[in-house]
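Take a look at the structure below.
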Amino acid sequence: QVQLVESGGGLVQAGGSLRLSCAASGRTFSRNAMGWFRQAPGKEREFVAAINYFGRTYYADSVKGRFTISRDNAKNTLYLQMNSLKPEDTAVYYCAADAAIDPPRVAPAYNYWGQGTQVTVSS
């Protein structure tokens, strides 16, 4: 059974940093694109960042320069380093794996999802 488990969310003040992790089990995703999405209350799920098989990274304009996506294939784990956090970054953050297209910017392209981790940024 494939599982993606996010961790690292929490409450942080504006300007602070958090590092999200997504541990995959049940299969390896080293040859697949993985990504992060987020969903704020009352809003649709939106793309945050992704990394493809070749290590190329993609970012939403709203997080470019502040967030960094990376992966450790040996650990089958995806990361999202979030710096200079803003209140508008508050959302549930979801890890996704095995995108069928490249660039992997759209949620329906992914076959596996985690349960999400809450990130709250106070002003």
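Taking a straight Cα-Cα cut-off under 20 Å and skipping sequence neighbours fewer than 8 places away in the same chain, the lysines within cross-link reach of Lys86 are Lys43, Lys64. For the chain, give the share of DSSP beta bridges that are antiparallel, in percent and rounded to the nearest 5; count only bridges with both residues there. That works out to approximately 90 percent antiparallel. When the solvent-accessible area of the chain is split by element, carbon and sulfur atoms take up 47 percent of it, the probe being 1.4 Å.
For the ranges 58-66, 31-39, what's the packing order if you count other beta-carbon atoms within 10 Å of each residue, average per peptide, and put the highest first?
Most protected by this proxy first, the peptides run 31-39, 58-66.
Using C-alpha pairs below 8 Å separated by at least 6 residues, the relative contact order for the chain is 36 percent. Just checking the listed ones, Pro104, Pro41, Pro87: in the Gaussian network model of the chain with Cα springs under 10 Å, the one fluctuating most is Pro41.
Give me the 1.4 Å probe accessible area per residue for segment 1-85, excluding ligands and nucleic acids, in Å².
Heavy-atom accessible area per residue stands at 52 Å².
The values are calculated or read from the model by the stated rules, or taken from the named source; none is laboratory data. Keep in mind the model is a prediction, meaning the values are calculated, not measured. Quick reminder, even Gly has a Cβ in these numbers, built from the backbone with ideal geometry, and neighbours come from all protein chains shown. In case anyone asks, the SASA skips ligands and DNA or RNA and just uses the protein heavy atoms, side chains included. Shrake-Rupley method; radii C 1.70, N 1.55, O 1.52, S 1.80 Å.
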